[in-house]
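**Q** Encoded as structure tokens, here's the structure I'll be asking about.
Bear in mind that the values in this text are calculations on the coordinates, not laboratory data. Quick caveat, the model's predicted, so the values are computed rather than measured. Using ideal geometry, Cβ is built from the backbone for each residue, glycine included, and neighbour counts are taken over all protein chains shown.
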Amino acid sequence: MGFRLVDTAAHMPLYTIALELTILLAFWVWLGVWQRERATPGHTTFTALTASAIIWCLGAILQHHAPMPEIVADRVRYLGILALPPLWLGFAAHATRLDLARRVPWFPLVLLAPLSVPYALLYSDSWSSLFMLTVEGETDQYGPLWWLTGSYGYALVTAGCALFAIEAWRWRRPGQWVRRLCVGVSPLIPLAGNAAYIARGLFDPYDPTPLLFGVTLVALRGALDRGPLLQALPASQHDLIEQLPIGVILADRKGVVVDMNPAAENCVAVTKSSAIGRNCDAVLSEAGQDLRCDVTPIFSNGREAGQLLLIYPPDKDE
């Protein structure tokens with residue numbers, strides 16, 4: 001879903017500067033989320049999204065300003081392009097707490113697998129015409145696998161937006177569901193820009209998609225956190241929880257363990273890897289001693305999103 005750009009000397013420097021600024025914006029958004037929200041559902045796929053956007057922009061810059069064969073720049077560019085749709089759907093599934101994302105958190109890798117085929121064709125001279133564009137005179141032509149891959153990517157992006165729309169409708173609250181809906185459908189903006197570029201519309205010969213998606217990352221960050229965009233903490237919230245001397249267990253609304261710190265592992269005598277995905281009561285029953293457990297509901301966007309369990313040894317003073 002990213003395409004060959006025609007080098008126009010008058011405007012290319014401005015386009016390159018915009019790509020460089022987009023890389024910086026994506027990096028700052030990633031840095032803010034990495035420091036603040038490491039244990040939040042969707043954190044991993046969001047960081048992968050920002051990395052894909054950066055790679056896409058970097059490949060576009062290399063295509064026009066690096067002394068290398070164009071196919072090398074295309075391999076960098078398409079690495080980010082092809083990864084974006086599956087990662088976006090994965091992020092949407094985690095951010096909306098879809099049951100599939102909780103049970104199979106690595107499912108975006110399954111969505112990425114079909115795209116490894118067209119990407120591998122970039123390294124094949126004999127089969128690359130199935131995917132890469134070919135130039136005949138002044139006309140750009142795309143192979144059949146290129147169109148199939150583009151349709152697959154469009155479907156994944158649309159499905160991710162639909163997940164946010166369904167969640168916003170299901171959990172609509174005054175002043176909140178509209179914001180959630182706008183965050184979820186924001187990727188439709190770069191998708192529309194990409195469609196206009198394919199149709200050789202207003203943006204030809206410059207592909208606006210990576211620029212628009214870089215701006216969209218700011219909106220998507222709102223699905224994880226409402227904190228200041230560029231706020232940097234001396235230590236992430238996840239690191240603070242990990243170092244607390246009090247046992248902390250995080251569970252979803254159904255009481256299923258999603259995270260726990262080392263102090264909780266010592267109290268319960270159960271490893272984190274074996275506890276995640278199981279019911280809290282089942283995990284606590286294996287402690288072998290009477291533990292004091294304080295349960296506090298966690299609210300996000302006006303609704304209960306999970307549970308916070310504080311675990312104390314039996315001899316711990318209040």
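**Q** Any idea how far apart A282 and V295 come out in nm if each label point goes 7 Å out from Cα toward Cβ?
**A** With each label point 7 Å from Cα toward Cβ, the separation is 1.6 nm.
**Q** Please find the FRET efficiency linking A155 to R103, where r is the Cβ-Cβ separation and R0 is fixed at 22 Å, and quote it to the nearest 0.05.
**A** According to the calculation, E is roughly 0.50.
**Q** While we're here: Kindly rank 107-117, 93-103 from highest to lowest mean number of other beta carbons found within 10 Å of each residue.
**A** 93-103, 107-117
**Q** When a/c reaches 1.5 or more, the comparison of a/b and b/c decides; with that in mind, is segment 244-312 rounded, prolate or oblate per its Cα gyration tensor?
**A** prolate
**Q** Relative to the present Cα-Cα distance, how much length would full extension add between A192 and I166 at 0.36 nm per residue of separation?
**A** Roughly 7.3 nm would be gained on extension.
**Q** Could I have the simple spin-label model distance between T16 and I71, label points 7 Å from Cα toward Cβ, reported in nm to one decimal?
**A** Here the modelled spin labels are 2.4 nm apart.
**Q** Order of 50-60, 23-33 by packing, highest average Cβ count within 10 Å first?
**A** For the peptides 50-60, 23-33, the packing ranking is 50-60, 23-33.
**Q** Hey, another quick one. Sort the following peptides by mean Cβ neighbour count (other Cβ atoms within 10 Å, averaged over residues), highest first: 178-188, 208-218.
**A** 208-218, 178-188
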